[in-house]
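Everything on this sheet refers to the single structure shown next.
The values are calculated or read from the model by the stated rules, or taken from the named source; none is laboratory data. All figures in this text were calculated on a predicted structure; none of them were measured in a lab. Don't worry about glycine lacking a Cβ; one is built from the backbone with ideal geometry, like all the others, and counts go over all protein chains shown. Note: areas computed on protein heavy atoms with side chains; ligands, DNA, RNA excluded. Shrake-Rupley method; radii C 1.70, N 1.55, O 1.52, S 1.80 Å.
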Amino acid sequence: MNPNDARAAASLTIGIPCYNEVIAIAKVVDDFRRVFPEARILVIDNASTDDTAKIARAHGAEVIKEPRKGKGHAVQRLFLEADSDYLIMVDGDDTYPAEEAPKLIQAIEREGGDTVVGRRMSKDQAAFKVMHTWGNNLLAWFIESIFGAPVGDLFSGYRLFKKVFYRTVPVLSSGFEVETELALQTIDKGFVQLDVDIDFRSRPEGSFSKLSTVRDGLRVLQVILIVLKDYKPLLFFSSVSLFLLVLSALAGVFPVADFIRYRWVYHVPLAILATALTMLSALSLSCGVVLDTIVRISREQFFIRMRNFNARGRD
């Protein structure tokens, strides 16, 4: 199937967030221009210190500067600048073949949905770092367990969005955890995600990943806590409440034993600690109930904004 036929009735933007991709950016832009001659190719230069922007512009891409470092900031700028029916977001490191992009469009036009994630498949084991794969699987399992919905390839950099998605979903992440936020927003806001197998390859020689195993591993753990706090506040704060209640019970064993045996409390500090922990436990549970209500109201308001957006699109 001709890729241009798949999007004959829809406008398309190819969004490429980049940071110091001077080795690969020319080929990435040329490949997508060859596959989609009529598409708008938009490179978001994320404070690069090399000639990434200059080379991208020389190869016919539209370049927009994003001075705030971090992929999340680049994605925020991309969502702000794009204005097409479809937006394909792809990393600028040439690990995602442009020839795979029509699969994303064909999937969404065949099956519907709001976003498509390219599920990375490769026979080249060097294309995947063991620790990054472990972190991906761990976080995906955690989110699927909490939300009861599949997330696909959580850290894939090859995604397609409909306009209703990228125009209405807020992106708050600043770094590489932005893909996790997009997956969570998809589930939380009731969007439909499709998954399509795509080829994935190693970076070209001389090109280096910006990911750090230790730093980004710690970010994965941080994201797990943030996911619970922001999207499931009742579960998060009730868990904290239960933990504090258990500590309170442990601290209160000796004061209670004193009172039963002597009708007097000798372990006064432990009694004070147990009382304080019980109060904190109750406060944490109260916070969870209040924040859960706020999240619910926020979700309802989002659905109303979505209906208004769709209504404007039909006018």
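Cβ-Cβ distances below 9 Å connect the following pairs, each with a first residue in the stretch 77-94 that is hydroxyl-bearing (Ser, Thr, Tyr), a second residue that is assigned to a loop (DSSP other than H, G, I, E, B) and open to solvent by 10 Å² or more (accessible area, probe 1.4 Å), and a separation of six or more residues or different chains: 84/10; 84/11; 86/7; 86/10; 86/11. The residues of the stretch 254-268 that are open to solvent by 80 Å² or more (accessible area, probe 1.4 Å) and at negative phi, listed by number, are 254, 256, 259, 260, 261, 262, 264, 266. Of all residue pairs spaced 6 or more apart or on separate chains, those with beta-carbon atoms under 6 Å, a first member in the stretch 1-18 that is modelled with pLDDT of 50 or more and a second member that is acidic (Asp, Glu) and part of a loop (DSSP other than H, G, I, E, B) are 10/85; 11/85. For the stretch 137-148, residues that are open to solvent by less than 20 Å² (accessible area, probe 1.4 Å) and free of Cβ contacts under 8 Å to residues at least 40 places away in the same chain total 1. Here residue 151 fulfils each of the conditions (1) within 15 Å of the chain's Cα centre (by Cα); (2) open to solvent by less than 50 Å² (accessible area, probe 1.4 Å); (3) closer than 25 Å to residue 45 by Cα apart from (3). The set of residues in the stretch 235-253 that are under 30 Å from residue 143 (Cα atoms) and either open to solvent by 70 Å² or more (accessible area, probe 1.4 Å) or of a type in the set (Val, Ile, Thr) (or both) comprises 235, 240, 242, 243, 245, 246. Inside the stretch 23-50, can you point out the residues that are of a type in the set (D, E, K, R) and either in contact with a strand residue (DSSP E or B) (Cβ under 8 Å, 6 or more places away or on another chain) or part of a strand (DSSP E or B) (or both)? Once the filter is applied, which keeps residues that are of a type in the set (D, E, K, R) and either in contact with a strand residue (DSSP E or B) (Cβ under 8 Å, 6 or more places away or on another chain) or part of a strand (DSSP E or B) (or both), the stretch 23-50 yields 33, 38, 40, 45.
For the stretch 99-124, what are the residues that are in a loop (DSSP other than H, G, I, E, B) and either touching an Asp or Glu at 6+ places or on another chain (Cβ under 7 Å) or of a type in the set (Gly, Ala, Ser) (or both)? Listed by number, the residues that qualify are 112, 113, 122.
Look through 35, 22, 29 and report the one residue that is surrounded by 20 or more Cβ atoms within 10 Å (Cβ to Cβ) and either out of contact with any Pro (no Cβ under 6 Å at 6 or more places or on another chain) or over 23 Å from residue 176 (Cα atoms) (or both). Just one listed residue meets the conditions, 29. For the stretch 60-98, a tally of residues being part of a helix (DSSP H, G or I) and open to solvent by 30 Å² or more (accessible area, probe 1.4 Å) returns 5.
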